[in-house]
Amino acid sequence: MKLLEERIRQEGLILSDTVLKVDSFLNHQVDTKLALAIGREFARLFAGEPITKVLTIEASGIQFAMAAGIALDVPFVYAKKKKAVTLTEKLYSAPVHSFTRQETYQVSISQKYLGPGDKVLIVDDFLATGAALVGLVDIVNEAGAELVGVGCVIEKSFQEGRSLLEQKGVRVHSLARIASMSPGEIHFVEDIPL
Ligand code: G4P
Ligand code: NA
Ligand code: NA
């Protein structure tokens, strides 16, 4: 998605060879027009699939799941990272290991909001190690729902997330794929001749 790549070039702050800060337009302050365009792009990429629900994980996936839900005219559900006191129903849950924080946490959603018969599109802001997304894939399987695919806004293609998902037979679409980066320099996958 050219518009997104341009924005990353203009406003992205490359903090190291692995960490990109995009919080002026994607995941702290959010450019609402861009978020809606991202949602339409996910809907276009997965057109033809009768998606019934969009699934993400709090916090930074929410705005893109909502945008995709608007474009597809279906609800979205976000998995919670902490068990809320109001979550008294039966839950689906999966452990996620965070490599950045070196800890394992549970993600969960109420069994009321996902089940057999659902065709699910998973959406998130970053595809990095893929740990959180694999947790969501496990939840979709546990619910007996059908996974249509995973849509990510930014993929760091030099990390293992995409191959982890593809090994599980998951269809992955990312709107910006970073082949490599270092402070002051960024290369998208399509920049590099095969
Ligand atoms: P993940 O690939 O499964 O997300 O796991 P990882 O432990 O690698 O990433 C931890 C968190 O950092 C995730 O957000 C992920 O989206 C985010 N992240 C990974 N790489 C980058 C990056 O280059 N830039 C930015 N800005 N974020 C990155 P999270 O902990 O789930 O929290 P939230 O931000 O969604 O609340
Ligand atoms: Na995220
Ligand atoms: Na994040």
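The values are calculated or read from the model by the stated rules, or taken from the named source; none is laboratory data. Here the structure is a predicted model, which means the values were calculated and not measured. Every residue, glycine as well, gets a Cβ built from its backbone with ideal geometry; the counts of neighbours run over all protein chains shown.
Taken over the stretch 1-37, the criterion of being polar (S, T, N, Q), part of a loop (DSSP other than H, G, I, E, B) and without any contact (Cβ under 8 Å) to a residue 40 or more places away in the chain is satisfied by S24, Q29. Looking at T100, T104, just one residue is away from ligand 3 (no atom under 16 Å from the Cβ), more than 16 Å from the chain's Cα centre (by Cα) and closer than 30 Å to M181 by Cα, and that residue is T104.
Filtering E155, E166 for residues that are in contact with a Leu (Cβ under 7 Å, 6 or more places away or on another chain) and over 15 Å from T56 (Cβ atoms) leaves a single hit, E155. What strands (runs of 3 or more DSSP E) completely inside the stretch 38-139 contain at least 2 residues that are away from ligand 2 (no atom under 15 Å from the Cβ) and surrounded by fewer than 22 Cβ atoms within 10 Å (Cβ to Cβ)? Strands (runs of 3 or more DSSP E) meeting the threshold: 91-98, 103-110. Among the residues of the stretch 156-180, those identified as within 12 Å of ligand 1 (Cβ to nearest atom), hydrophobic (A, V, I, L, M, F, W, C) and surrounded by fewer than 20 Cβ atoms within 10 Å (Cβ to Cβ) are F158, L164. Filtered by the rule that a residue be surrounded by fewer than 17 Cβ atoms within 10 Å (Cβ to Cβ) and either closer than 25 Å to L72 by Cβ or within 17 Å of the chain's Cα centre (by Cα) (or both), the stretch 2-28 gives K2, L3, V19, K21, D23, H28. Of everything in the stretch 37-90 that is within 18 Å of S110 (Cα to Cα) and of a type in the set (F, W, Y), the residue that is nearest to ligand 3 (Cβ to nearest atom) is Y78. For F158, the conditions (1) in contact (Cβ under 8 Å) with a residue 12 or more places away in the chain; (2) assigned to a strand (DSSP E or B) are fulfilled apart from (2).
Taken together, the criteria exclude V153 from residues that are buried (at least 22 other Cβ atoms within 10 Å of the Cβ), modelled with pLDDT of 95 or more, part of a helix (DSSP H, G or I) and within 16 Å of ligand 1 (Cβ to nearest atom).
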